[in-house]
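Trainee: Have a look at the structure that comes next, please.
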Amino acid sequence: MNSFFQMLNVQAVLFLYLAVGCYGKKVGILDDVAQQRLTEWVVRITLPCLVFASFHTEFRLEYLVEGAGAVAIATGMSLIALVLGKLLYRRVPPRERCILQYGTLVSNAGFAGLPIIAGAYGAQGLFLASLFIIPTRVFMWSAGISLFTSMDTAERLKKVLLNPALIAVGLGLARMVLQIPLPAFVDTAIQNLGASTSPLAMALVGAMLADLSPRAFLDKKVLYLAFVRQILLPFICLAGLRALGVNSLLTAVSVVLTGMPIGSTTAILAGKYGADAQFASKCVFLSTLTSLLTVPLLTLFL
């Protein structure tokens, strides 16, 4: 129960950030251009700083072993999500099916998940979460993008290798293993930039939601996707990890990140490649909004 109230408190803080972003968009402080620029700022600057700072810790072999476990769990859950996406939406029209499959496979674990884990589980949880998102990013730019369009292997590999968060993981791991010292002012700057990720990221989500209609709740397919993404998958993850006897922190981080809402790239790719962009926006809207409730509820079972 303590975990539930802790996560509820984290989500309440994030909801306030979301509300501020929604207000900023409604009154015109944030327009579409500013929203796009701030998104780039978070993805390219503050989120990598948050990831890199999570590796500022004493090197222990058990950390790497546990981190490898996080990567293995994330890979397994991505494969399960990929298979479920192929099986569950066969009767849905193609322009919506690709969106449902992508939303099942790709969560918002990096953009929204890392700030939540940092607030609820501290530095060690953030370290595991930073490694957990590696397979998510790999699947996003490989199997995920193939649901919308054909992209050659070289371009997919480039997208994966040049992802700022994954570069930060590589640099952070090197620093932790080699214990490379950085000047104190550099560490402070990186930590402070990383700390700004939570308010900026959630404010941007709020700005996105400000443009969408509550009528998204009326679409059964959207509700179904939210159930699969935020209830079914995390409970599959929880059952598997409990059966394997995985420790409580790694289990909590894995289940919470697996239960994150669908990635905002769902709507972006739908619009870019001729899928139903309005339907994709509804999915992002409902999934993000309901996660404010479903994520704390998951902790009741951890």
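The values are calculated or read from the model by the stated rules, or taken from the named source; none is laboratory data. Since the model is a prediction, treat every value here as computed from it, not as a measurement. Backbone-built Cβ (ideal geometry, glycine too); neighbour counts: all protein chains shown.
Yes/no matrix, rows are residues, columns are (1) under 19 Å from Gly263 (Cβ atoms); (2) in contact with a strand residue (DSSP E or B) (Cβ under 6 Å, 6 or more places away or on another chain); (3) hydrophobic (A, V, I, L, M, F, W, C):
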residue: Asp31; (1), (2), (3): no, no, no
residue: Gln36; (1), (2), (3): yes, no, no
residue: Glu40; (1), (2), (3): yes, no, no
residue: Ala81; (1), (2), (3): yes, no, yes
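Trainee: A further question on this structure: Could you please tell me which pairs satisfy a Cβ distance under 8 Å, a separation of 6+ or placement on different chains, a first residue in region 268-282 that is farther than 15 Å from Val92 by Cβ and charged (D, E, K, R), and a second residue that is crowded, with 18+ Cβ neighbours inside 10 Å and modelled with pLDDT of 75 or more?
Mentor: Partner pairs satisfying both residue conditions: Lys272/Phe148.
Trainee: Right, another one. Within region 292-302, count every residue that is farther than 16 Å from Ala252 by Cα and touching a helix residue (DSSP H, G or I) at 6+ places or on another chain (Cβ under 6 Å).
Mentor: Number satisfying all stated conditions: 1.
Trainee: Something else: State whether one or more residues within region 240-258 are touching a Ser or Thr at 6+ places or on another chain (Cβ under 6 Å), under 19 Å from Leu114 (Cβ atoms) and modelled with pLDDT of 80 or more.
Mentor: No, region 240-258 contains no residue that is touching a Ser or Thr at 6+ places or on another chain (Cβ under 6 Å), under 19 Å from Leu114 (Cβ atoms) and modelled with pLDDT of 80 or more.
Trainee: I'd like to check something: does region 85-99 contain any residue that is without any contact (Cβ under 8 Å) to a residue 60 or more places away in the chain and closer than 26 Å to Gly172 by Cβ?
Mentor: No, region 85-99 contains no residue that is without any contact (Cβ under 8 Å) to a residue 60 or more places away in the chain and closer than 26 Å to Gly172 by Cβ.
Trainee: Let me confirm something: among Glu66, Glu62, which residue is of a type in the set (Asp, Glu) and either in contact with a Pro (Cβ under 6 Å, 6 or more places away or on another chain) or in contact (Cβ under 8 Å) with a residue 12 or more places away in the chain (or both)?
Mentor: Within the list Glu66, Glu62, the selection yields Glu66.
Trainee: Further question on the same structure: Would you tally the residues in region 22-56 being in a loop (DSSP other than H, G, I, E, B) and surrounded by fewer than 15 Cβ atoms within 10 Å (Cβ to Cβ)?
Mentor: Adding up the residues that qualify gives 4.
Trainee: If you don't mind, another one. What is the residue count in region 276-302 for residues that are of a type in the set (Gly, Ala, Ser), over 18 Å from Gly110 (Cα atoms) and modelled with pLDDT of 80 or more?
Mentor: Selection size over region 276-302: 1.
Trainee: Still on this structure, please answer the following. Among the candidates Leu173, Leu182, which residue alone is part of a helix (DSSP H, G or I) and either at pLDDT 85 or above or surrounded by 13 or more Cβ atoms within 10 Å (Cβ to Cβ) (or both)?
Mentor: Values: Leu182 fails: part of a helix (DSSP H, G or I).
None of the other options fit; the residue is Leu173.
Trainee: Can I ask one more? Evaluate the following for Leu200: is it buried (at least 17 other Cβ atoms within 10 Å of the Cβ), in a loop (DSSP other than H, G, I, E, B) and modelled with pLDDT under 95? Before the answer, list the steps.
Mentor: Numbers: buried (at least 17 other Cβ atoms within 10 Å of the Cβ): yes; in a loop (DSSP other than H, G, I, E, B): no; modelled with pLDDT under 95: yes.
So Leu200 does not fit the description; no.
Trainee: Just checking, does region 59-67 include any residue being within 30 Å of Gln179 (Cβ to Cβ), loosely packed, with under 14 Cβ neighbours inside 10 Å and touching a helix residue (DSSP H, G or I) at 6+ places or on another chain (Cβ under 7 Å)? Please lay out each step first, then the result.
Mentor: Quick first cut of region 59-67, residues within 30 Å of Gln179 (Cβ to Cβ) only: 59-67.
Keeping just the survivors that are loosely packed, with under 14 Cβ neighbours inside 10 Å gives 59-62, 65.
Now restrict to residues that are touching a helix residue (DSSP H, G or I) at 6+ places or on another chain (Cβ under 7 Å): 59.
Within region 59-67, one or more residues are within 30 Å of Gln179 (Cβ to Cβ), loosely packed, with under 14 Cβ neighbours inside 10 Å and touching a helix residue (DSSP H, G or I) at 6+ places or on another chain (Cβ under 7 Å).
Trainee: Here is a further query. Take the residues in region 107-158 that are farther than 16 Å from Val43 by Cα, of a type outside the set (A, V, I, L, M, F, W, C) and part of a loop (DSSP other than H, G, I, E, B); name whichever of them is nearest to the chain's Cα centre (by Cα).
Mentor: This residue is Thr149.
Trainee: Let me ask something else. Scan region 141-156 and give yes if some residue there is modelled with pLDDT under 80, farther than 21 Å from Leu82 by Cα, surrounded by 21 or more Cβ atoms within 10 Å (Cβ to Cβ) and among the small types (Gly, Ala, Ser), otherwise no.
Mentor: Within region 141-156, none of the residues are modelled with pLDDT under 80, farther than 21 Å from Leu82 by Cα, surrounded by 21 or more Cβ atoms within 10 Å (Cβ to Cβ) and among the small types (Gly, Ala, Ser).
Trainee: Right, here's the next one. Restricting to region 62-75, give me the number of residues that are of a type in the set (A, V, I, L, M, F, W, C) and within 13 Å of Leu173 (Cβ to Cβ).
Mentor: Our first condition is that a residue be of a type in the set (A, V, I, L, M, F, W, C); within region 62-75, this holds for 64-65, 68, 70-74.
Still in the running and within 13 Å of Leu173 (Cβ to Cβ): 64, 68, 70-71.
Residues that pass the stated criteria total 4.
Trainee: Among the residues that make up region 185-195, is at least one of them in a helix (DSSP H, G or I), at pLDDT below 85 and buried (at least 18 other Cβ atoms within 10 Å of the Cβ)?
Mentor: For region 185-195, residues in a helix (DSSP H, G or I), at pLDDT below 85 and buried (at least 18 other Cβ atoms within 10 Å of the Cβ): absent.
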